[in-house]
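As structure tokens, the structure follows; a few thoughts come after it.
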Amino acid sequence: MPISFAGMTICYTQAMTVKVAISIDEHFLREVDQLVRSHVYPNRSKAIQDAVADKLARLKKTRLLRECRKLKPNEEQAAAEEWLSGEEQWPAF
């Protein structure tokens, strides 16, 4: 049974895939349709699912990269070398 949420109609299928209605630029849709005609994807849904999954994965990597950039390499190396020297013990938890 379809439900409405935030202006979208959502239908649940047996595979836990959710149907949503989206607006998409005509240019992008033509490119997606070309991928389907070229048998790169079996249908529009699969092409768009893969695009969304890829974008989400890249956003996660970007977030990790941002967090890694906050590290101070000299401080991290000094802490690692101090621990490896055996003088420091792991803190008790």
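The values are calculated or read from the model by the stated rules, or taken from the named source; none is laboratory data. Predicted model, so just to flag it, every value in this text is computed and none were measured. Cβ placement follows ideal geometry from the backbone for every residue including glycine, while neighbour counts extend to all protein chains displayed.
When every residue of region 68-87 is checked against the conditions, none turns out to be in a helix (DSSP H, G or I), charged (D, E, K, R) and at pLDDT 90 or above.
Considered as a group, the residues in region 32-51 that are assigned to a helix (DSSP H, G or I) and out of contact with any helix residue (DSSP H, G or I) (no Cβ under 9 Å at 6 or more places or on another chain) include one that is surrounded by the fewest Cβ atoms within 10 Å (Cβ to Cβ), and that residue is 37.
On the given criteria, is residue 76 among the charged types (D, E, K, R), surrounded by 10 or more Cβ atoms within 10 Å (Cβ to Cβ) and closer than 30 Å to residue 17 by Cβ? Spelling it out, it is not the case that residue 76 is among the charged types (D, E, K, R), surrounded by 10 or more Cβ atoms within 10 Å (Cβ to Cβ) and closer than 30 Å to residue 17 by Cβ.
Residues that are closer than 30 Å to residue 29 by Cβ and of a type outside the set (A, V, I, L, M, F, W, C) within region 49-89 comprise 49, 50, 54, 55, 58, 60, 61, 62, 63, listed in sequence order.
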